[in-house]
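Enquirer: Below you will find the structure I want to go over with you.
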Amino acid sequence: MVRCFLIHTVCPVGALSAGESRVLYSRLFGPDEVVLSKQQREFTPEERRLLQKEKVSVVARRVRSAVSLSREASGRQLVDAVPGDEALVLLDADSGVVRLRAGDPFSEEMSVLWLGVQSLGFTLACEPHDNLLLAEDILRNLTRHCLDNLHMLGQGSEVLLKSSRIDVLLSRLLPHGQLLFLNHRFAQSLEKEVASSMAK
Amino acid sequence: MYSLGSESLIKQAREIQETELQKFYSRLVKLLQLKELGHETVDSLQRLHLILSANKYARTLPSDLQQRLLLLLSSPSEQLQVLSSALLRETPPSSGEELNNIQENVSQLNTHAAALLVSQARSRTDLNNLCAQLVHGLEGRPSDRPTRSLMFTLPVLNSILRLSRESLTEEHVTILNKKFVDWLRYASILQGGGASLGGFFTGPRSRQPLPTAELDGSVSGDFFTVLCVGQGFTEDQWMNVYSFSMLRHWLLTYHSVSSGNSTMDAANRLQLSLSLSHSFSNDDQSEVDGSVVSMVSATSSSSRLLPPKERLREKAFQYCQRLIEQCDRKAQKKSDTELQKACMVEAVCILDCVCVEDPSMVFRTFPSIKALFSRLSSDLSYARVLLPIAQFYLNHGEMAAVDCECVWKLVFAHFPAELFNDPFLAHELLRFLRQNLDGLRLRAPEFIRFLPNLLKFLAWDSSAVVDDFVDLLPSLVTEGTAVEILHTLLDLPCLSATLVLQLRSVSLPISESSSRGLLPLDAFRNPAFRGLFLFLLRVETGSGHTIDRLSTLHDLLAEAADWPRVVRCAQVVPVLLHIYFNTVVTVGQEKLLAHLILVMLERSGLLLAIPTYSREIHRVFSCHLLRLCKLRPSLVVDQSHELLEFAGTTANVYSKEEVYTHVVWVLGEYLSAASDSRCSVALITSCFETLEAVLFEITSSAPPPGTVCPAPKVITTLMSALAKLASRSHDLIPRVSLFFSKLRTAARNGSVAWCADEDDLVAIVTRGEELWFLLKAPGVAQSVLTPPPHVLTPRWHRDTNLAMPLQLRVLTRLTHSQ
């Protein structure tokens, strides 16, 4: 099961310090692990939400640093892209995986898959027994849909103002964090549903 | 992509004033009271979501707004469901009652409401209730509920089970086991949906539903799987997909060997599976159209005798076997080819689970795994599929008495050498190593031989995999490999540069040799230097610890010192060296540790010239030289010849200051009869003379051109060492006194050529004087300069002299009432 899906910056942001990342979209799946842990302390809902937000920031920061190290090492220059270049930009995207140790920040070890598309990163945090090959495909698919439906290569802010579209997309292609083995027919059927839902 | 507009939107959302926010809330409540909820409402809800999620700290919504949002959860419009679920997830719940109300109407529960319930569950009880209701919902007859409405049930259950396996009772588990069997094995093999596209006047009977097809276009001959396609799908086919997607986790959670007690004991199980395989082999295939019907399902009838858990295992086995067969077909679409790879991985993993739980199935499973291995082993693009196969071999190869040599060769020799730059393979291979260290040490102990190959992952992408190596390195350091590992780690930046060159030489044409920045590439392609690079790129240990022409190699790669990959690599080496040394002291005998000291001395001057790299390595060496000698003081006497040679070379003072300082210190501290009885007066004298000569040299003239003055620490350490040696052999004391008086005279003139700072000079002279005075009482000098161990280690209450006052003080405090 995927624990979270994030869209966040991987470029320097003026208001933030060097290694920080602005999280534009975050979705956590499943019950809050804090609720089920054997800890003595009871957390209020506000504290739990804060903890979740902090965990998300930790993941975003780790991916941000992984992306910048990877880009530096490969020495490739980022080429400016315009709307319409979605397919090209996706092919060109950097990808990798970060290992998060147990406790830092999730209670068990995670494999965090990331896709660096220009100035944004798309991230999936997967649990130990998840099929990473499948997760990689799903991440690419999700990214492609986000780029297309939210016109992310432009200067708009639809990723912030139309986040419900991402929710609908996730509810079909990654329902409750479940990685699905969808052949092209099943995928088409779900994508049609997503498209019709977004059109309303 | 990320624009200033977005940044300012977030800023506005965060800094919205309370009054404005309250106005917004009330406007929103009014909008939600309207009959028709249009674009304006949706936009406002979206803006509210941005405001709520932009902040770390939660905002509480007014209760009337929260009520309205809860009502939206069951709205017919999906967009409103989505928005209300997202909004309610961002705020703390006002009370649990409303959620309970939603939960009661499970038939109206949609996926977004379920997501809200799961994320806001406050305790295991909440989750248990939800699970119970979801399972109950699944039990109903398919005709009772609309199609696809409960399809999200399995993902929700899976997400809960991830963290709370106890949320399902035994009964629920049994129900689900049975359901899984139905969906996985007995889903419809006819296409759904589209088959009913007959015209208005065409009756249902005149249109025959089409069977599902395989990915290569041919008609499906066996039961439905995720790799079957059709124009439309029936509900049970959808459930087939959802079930398979969570099957591995289900088996791991509820079918692992330690959990639950099977109703069949091992003997019965073995008997049944043997009879199944017997009937399998007896099937007369000539009677069946072999090209269409899969061989797997021929045995399905006999498994009806099994209880649900075992039956699911059997069906899972059949499903995976069928998937593996289906993956042999050439898919028409690229996305399906990728899916086939993922399915192969999943199938092998599930078969592994099944065999771990029921070892008698290993014999039935191995033939297909073996066949898959031989089919894929020559194609590197299937490397990630071969890793689960390797796991299977590791877990069950011994039981099946199969030779796994070729598997290990592929995984440890081939993959790192060819695919070091695939980040996903690196991650998975290193994870495989980490998780199976014990198993590998038992069943494939020769994997340690491939250490130089495995380090290629580290050399290529240091920052990504250093964490894995921090965990792995301790297990890879053995008496046999220790020295080679040390050399390899020190030359890791060279390996990094070589890997870059290897890839470049493949991609760049040979004619481009004279362009800028490719000098190392020329060297790489030059046959004269081939041997050097081939040594670095070696796959196994055992061909020598290092090479003679190391300095040549370093010169050739000098240009690579600022390549980003090489620089990153150089940054992780000190960390790993610390781990290395910490491990080696636990596994190494005296002889090995002695050898390591020599390696440290030798290599401190033989490192790739990356800025700060030498300094960092010297720091690590110094720290561990100290620890080694503290642990085994006799090493100093043992290696005195080499240590003296190092200490006697004045050039080392300037080029390897930190290491030099520590070498001198250990000589002064441990070259005594107390550490090792072999230490003779002659040895002490010769050491003294060596150090004295160096000290005289560096304090009589300016440093050589191109170097800075030696740090005061070097000089004071030399002086202290001389004093310590003299305190052990009193004949040397006059010579020390001579030096100190000369020092005082020279310093009286003010400044000296060999010391830049006046304060430093004063400190040095003061130290010299202290030592001189100390040496005037030779007997005392020895105990002060080299105190015996029991003085250095505080024993507190264990020391009878110290204990008495402490005890009295405690008693006094206890007995006095004030």
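Enquirer: Does B:LEU792 satisfy being modelled with pLDDT of 90 or more and surrounded by fewer than 13 Cβ atoms within 10 Å (Cβ to Cβ)?
Expert: In short, no.
Enquirer: I need the full set of residues from segment B:538-558 which are within 13 Å of B:PRO520 (Cα to Cα) and either crowded, with 17+ Cβ neighbours inside 10 Å or not charged (D, E, K, R) (or both), in order please.
Expert: Selection gives B:THR552, B:LEU553, B:HIS554, B:LEU556, B:LEU557, B:ALA558.
For every residue, the table says whether it meets (1) within 11 Å of another protein chain (Cβ to nearest Cβ); (2) surrounded by fewer than 18 Cβ atoms within 10 Å (Cβ to Cβ); (3) within 19 Å of A:VAL159 (Cβ to Cβ).
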site	(1), (2), (3)
B:SER6	yes, no, yes
B:GLN12	yes, yes, yes
B:LEU34	no, yes, no
B:ASP43	yes, yes, yes
B:TYR57	yes, yes, no
B:ASP64	no, yes, no
B:LEU69	no, no, no
B:THR91	yes, no, no
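Enquirer: Restricting to segment B:371-402, and then to whatever is over 26 Å from the mean Cα position of the chain (by Cα), touching a residue at least 40 places away in the same chain (Cβ under 8 Å) and part of a helix (DSSP H, G or I), can you tell me which residue is nearest to B:CYS320 (Cα to Cα)?
Expert: B:LEU372
Enquirer: Please state which of the following conditions A:PHE186 fails to meet, knowing it meets all the rest: (1) on the phi > 0 side of the Ramachandran plot; (2) over 17 Å from the mean Cα position of the chain (by Cα); (3) assigned to a helix (DSSP H, G or I); (4) not β-branched (Val, Ile, Thr).
Expert: If we test A:PHE186 against (1) on the phi > 0 side of the Ramachandran plot; (2) over 17 Å from the mean Cα position of the chain (by Cα); (3) assigned to a helix (DSSP H, G or I); (4) not β-branched (Val, Ile, Thr), just (1) comes out false.
Enquirer: How many of the residues in segment B:691-715 are under 21 Å from B:SER640 (Cα atoms) and surrounded by 18 or more Cβ atoms within 10 Å (Cβ to Cβ)?
Expert: 6
Enquirer: If I go through segment A:1-33 residue by residue, how many of them are under 14 Å from A:SER57 (Cα atoms), free of Cβ contacts under 8 Å to residues at least 40 places away in the same chain and in contact with a Ser or Thr (Cβ under 9 Å, 6 or more places away or on another chain)?
Expert: 5
Enquirer: Something else: Kindly provide the set of residues from segment B:428-449 that are within 20 Å of B:ASP403 (Cβ to Cβ) and either β-branched (Val, Ile, Thr) or buried (at least 23 other Cβ atoms within 10 Å of the Cβ) (or both), ordered by number.
Expert: Selection gives B:ILE448 alone.
Enquirer: In segment B:441-466, what residues are within 14 Å of another protein chain (Cβ to nearest Cβ) and either under 29 Å from B:HIS396 (Cα atoms) or not in a helix (DSSP H, G or I) (or both)?
Expert: Scanning segment B:441-466 gives B:PHE457, B:ASP461, B:VAL465.
Enquirer: Being farther than 23 Å from B:VAL567 by Cβ and within 14 Å of another protein chain (Cβ to nearest Cβ) is the filter here, so list the residues in segment B:420-440 that pass it.
Expert: Listed by number, the residues that qualify are B:PHE424, B:LEU425, B:GLU428, B:LEU429, B:ARG431, B:PHE432, B:LEU433, B:ARG434, B:GLN435, B:ASN436.
Enquirer: Among (1) more than 30 Å from B:PRO704 (Cα to Cα); (2) touching a residue at least 12 places away in the same chain (Cβ under 8 Å), there is one condition B:GLY768 misses while meeting the rest; what is its number?
Expert: (1)
Enquirer: Suppose we filter B:SER720, B:SER737, B:SER741 for residues that are within 56 Å of the chain's Cα centre (by Cα) and surrounded by fewer than 20 Cβ atoms within 10 Å (Cβ to Cβ); which single one remains?
Expert: Going through B:SER720, B:SER737, B:SER741 in turn, just one is within 56 Å of the chain's Cα centre (by Cα) and surrounded by fewer than 20 Cβ atoms within 10 Å (Cβ to Cβ): B:SER720.
Enquirer: Which condition breaks for B:ILE448 when tested against (1) under 14 Å from B:GLU540 (Cα atoms); (2) modelled with pLDDT of 95 or more?
Expert: (2)
Enquirer: Inside segment A:52-67, can you point out the residues that are within 12 Å of chain B (Cβ to nearest Cβ), crowded, with 18+ Cβ neighbours inside 10 Å and of a type in the set (Gly, Ala, Ser)?
Expert: If the condition is that a residue be within 12 Å of chain B (Cβ to nearest Cβ), crowded, with 18+ Cβ neighbours inside 10 Å and of a type in the set (Gly, Ala, Ser), then A:SER57, A:ALA66 are the ones that fit.
Enquirer: Of the numbered conditions (1) within 14 Å of chain A (Cβ to nearest Cβ); (2) crowded, with 16+ Cβ neighbours inside 10 Å; (3) of a type in the set (Val, Ile, Thr), B:VAL407 satisfies every one except a single condition; which is it?
Expert: Going through the list (1) within 14 Å of chain A (Cβ to nearest Cβ); (2) crowded, with 16+ Cβ neighbours inside 10 Å; (3) of a type in the set (Val, Ile, Thr), B:VAL407 breaks only (1).
Enquirer: Now a separate question. Name the residue that is surrounded by the fewest Cβ atoms within 10 Å (Cβ to Cβ), counting only residues in segment B:153-166 that are modelled with pLDDT under 90 and either in contact with a helix residue (DSSP H, G or I) (Cβ under 6 Å, 6 or more places away or on another chain) or of a type in the set (Gly, Ala, Ser) (or both).
Expert: B:ARG165
Enquirer: Then there is this: Can you tell me which residue in segment B:103-145 is modelled with the lowest pLDDT, limited to those that are assigned to a loop (DSSP other than H, G, I, E, B) and among the small types (Gly, Ala, Ser)?
Expert: B:GLY140
Enquirer: A further question on this structure: Output the number of residues of segment B:217-237 satisfying the condition of being acidic (Asp, Glu) and either within 12 Å of chain A (Cβ to nearest Cβ) or without any contact (Cβ under 8 Å) to a residue 24 or more places away in the chain (or both).
Expert: 0
Enquirer: Among the residues of segment A:190-200, write down those that are among the polar types (S, T, N, Q) and either in contact (Cβ under 8 Å) with a residue 60 or more places away in the chain or more than 7 Å from chain B (Cβ to nearest Cβ) (or both).
Expert: The answer is A:SER196, and nothing else.
Conditions tested, residue by residue: (1) within 23 Å of B:SER462 (Cα to Cα); (2) β-branched (Val, Ile, Thr).
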{"site": "A:ARG101", "(1), (2)": "yes, no"}
{"site": "A:TRP114", "(1), (2)": "yes, no"}
{"site": "A:HIS129", "(1), (2)": "no, no"}
{"site": "A:ILE138", "(1), (2)": "no, yes"}
{"site": "A:ASN149", "(1), (2)": "no, no"}
{"site": "A:MET152", "(1), (2)": "no, no"}
{"site": "A:SER163", "(1), (2)": "no, no"}
{"site": "A:ALA187", "(1), (2)": "no, no"}
{"site": "A:GLU191", "(1), (2)": "no, no"}
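Enquirer: How about segment B:467-513: which of its residues are among the charged types (D, E, K, R), more than 14 Å from every other protein chain (Cβ to nearest Cβ) and free of Cβ contacts under 8 Å to residues at least 60 places away in the same chain?
Expert: The answer is B:GLU512, and nothing else.
Conditions tested, residue by residue: (1) under 21 Å from B:HIS487 (Cβ atoms); (2) small (Gly, Ala, Ser); (3) part of a helix (DSSP H, G or I); (4) touching a Pro at 6+ places or on another chain (Cβ under 7 Å).
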site	(1), (2), (3), (4)
B:THR583	yes, no, yes, yes
B:ALA594	yes, yes, yes, no
B:MET600	yes, no, yes, no
B:ALA609	yes, yes, no, no
B:GLU616	yes, no, yes, yes
B:PHE621	yes, no, yes, no
B:LEU625	yes, no, yes, no
B:LEU628	yes, no, yes, no
B:LEU644	no, no, yes, no
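Enquirer: Determine whether segment B:655-675 contains at least one residue that is modelled with pLDDT under 95, in a loop (DSSP other than H, G, I, E, B), closer than 30 Å to B:ALA570 by Cβ and touching a helix residue (DSSP H, G or I) at 6+ places or on another chain (Cβ under 7 Å).
Expert: yes
Enquirer: Let me ask something else about it. Among A:LEU169, A:LEU160, which is at the interface with another protein chain (Cβ under 7 Å from one of its Cβ atoms) and crowded, with 20+ Cβ neighbours inside 10 Å?
Expert: Unique residue meeting the criteria: A:LEU160.
Enquirer: Sticking with this structure for a sec: Please state which one of B:THR583, B:THR649 is among the polar types (S, T, N, Q) and in contact (Cβ under 8 Å) with a residue 60 or more places away in the chain.
Expert: Exactly one of B:THR583, B:THR649 is among the polar types (S, T, N, Q) and in contact (Cβ under 8 Å) with a residue 60 or more places away in the chain, namely B:THR583.
The values are calculated or read from the model by the stated rules, or taken from the named source; none is laboratory data. Only a predicted model underlies this, so the values are computations on that prediction, with no experimental measurement involved. Neighbour counts are summed over all protein chains in view; Cβ atoms, including those assigned to glycine, are modelled from backbone coordinates with ideal geometry.
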